[in-house]
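Worksheet: one structure, shown below.
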Amino acid sequence: MAPLPSLPIGVFDSGVGGLTVLDAIAQRLPSEDLLYLGDTARVPYGTRSPLTVRRYASRVASHLWGQGIKALVIACNTATAHALDDLIEAGDRVGLPVLGVIEPGVAVAAAQTRSGHVGVIGTEGTIRAGRYQAALEARGLTATGLPCPLFVPLAEEGWTEGEVAALVAERYLAPLRGGPDTLILGCTHFPLLRGVVAAALPGVEVIDSAHAAADAVAAMLDAQGLLRDPSSAPGQHRFQVTDNLERFHVVGERFLQRDPGPVQLVDLPEPAGPFLSTRSG
Ligand code: DGL
């Protein structure tokens, strides 16, 4: 059955990082209802195997789809890197459009770079998966991927500026000096560290894919006749987590720069129906 324009857009991440994408979607599409799921019981995804991340992502997608959504946004680079194909396939079976955050960021970087050399930083899983590098190379660009896993806990702790964050950024990013002229923040946690990243790589254009992803969501909904009338009332934002409500409130406020309001604790059953992955390995 085709989804209705009145349904919310489902957005998910392993935890709080995807709130940077939710915020960009809320700015771009203020009359849309948004339903956010932070899989805080299973965070981090970035250090787990591709198969495990695909299982987790299928569970979350199945849960959100079961609540009635008109589109699914994978607001996590690691989940996009490993599970986008599975989720697009499952979404196709039920007429649910699915969008990840990698392609939108790559498109912006490709338009910005002058030298044709683009760097991407992300979790170990995202960089090892090579999806960013492949998408950049498919556009004739040179790609350099670099994992920066410590940025995730720094962002979660709110240590996004000051000497510790600056030292970590210096250390991680030194290999990129004199290399790419454009750098994609390939993790939804990283926009909070934009300042220290930019300071460690003077002259490099830093790309945050959240706004590019929000534009892609708007274009996708528009193409499918699923956009709400922009003159309708401001959209409602609902938040769900799989563990630790209190922590989501504290850290989520830092990411959203506002109180997320009521947050619901949910348990995710094994995926059923279209989201039961048939792939292995
Ligand atoms: N926010 C996730 C991403 O964009 C990373 C956090 C995690 O490791 O779960 O990849």
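The values are calculated or read from the model by the stated rules, or taken from the named source; none is laboratory data. Computed from a predicted structure; not experimentally measured. Methodologically, a virtual Cβ is constructed for each residue, glycine included, from the backbone with ideal geometry; neighbour enumeration extends over all protein chains shown. These accessible areas exclude ligands, DNA and RNA; they are computed on the full protein's heavy atoms, side chains included. Shrake-Rupley method; radii C 1.70, N 1.55, O 1.52, S 1.80 Å.
Miscellaneous remarks
- Counting only protein heavy atoms and a 1.4 Å probe, region 1-65 has 32 square angstrom of accessible area per residue.
- In Å², nearest 10: area of W159 left accessible to a 1.4 Å probe: 130
- The slack between A219 and R114, meaning 0.36 nm per residue of separation minus the straight C-alpha distance, is 35.2 nm.
- Overall form of region 19-63 per C-alpha gyration tensor (a/c, 1.5; a/b vs b/c): prolate
- Tilt relative to the chain, helix 163-173 - C-alpha long axis, 0 to 90 degrees, to 10: 80
- Peptides 194-202, 173-181 ordered by average Cβ neighbours within 10 Å, highest first: 194-202, 173-181
- The packing ranking, built from the mean of other Cβ atoms within 10 Å per residue, places the peptides 37-47, 233-243 in the order 37-47, 233-243, highest first.
- Only protein atoms count toward the accessible area here, which uses a 1.4 Å probe; on region 149-209, the carbon and sulfur part of that area reaches 56 percent.
- Three-way shape label, region 134-281, alpha-carbon gyration tensor, a/c 1.5: prolate
- Estimated [θ] at 222 nm from DSSP helical runs (n ≥ 4, -39500 (n - 2.57)) normalised by residues in the chain, nearest 500: -13000 deg cm²/dmol
- Placing unit charges on the Cβ atoms only, positive for Lys and Arg and negative for Asp and Glu, gives the chain a dipole magnitude near 460 debye about its Cα centre.
- Magnitude of the charge dipole, region 158-281, Cβ model with Lys/Arg +1 and Asp/Glu -1, debye to 20: 120
- For the chain, the longest principal axis of the Cα atoms and the long axis of helix 77-94 meet at an angle of about 30 degrees.
- Gained length - Q67 relative to L167, 0.36 nm times residue gap less alpha-carbon distance: 31.6 nm
- Cα gyration tensor, region 60-159 - rounded (a/c under 1.5), prolate or oblate: oblate
- For S49 and L276, a Förster radius of 22 Å and the Cβ-Cβ distance give a FRET efficiency of 0.70, rounded to the nearest 0.05.
- Binning the alpha carbon pair distances of the chain at 10 angstrom intervals from zero yields the distribution 7, 31, 37, 21, 5, 0, expressed in whole percent.
- Helix 50-66 axis, angle to the chain major axis (alpha carbon atoms, nearest 10°): 40
- Per residue, the solvent-accessible area of region 103-233 (1.4 Å probe, heavy atoms of protein chains only, all protein chains present) comes to 44 Å².
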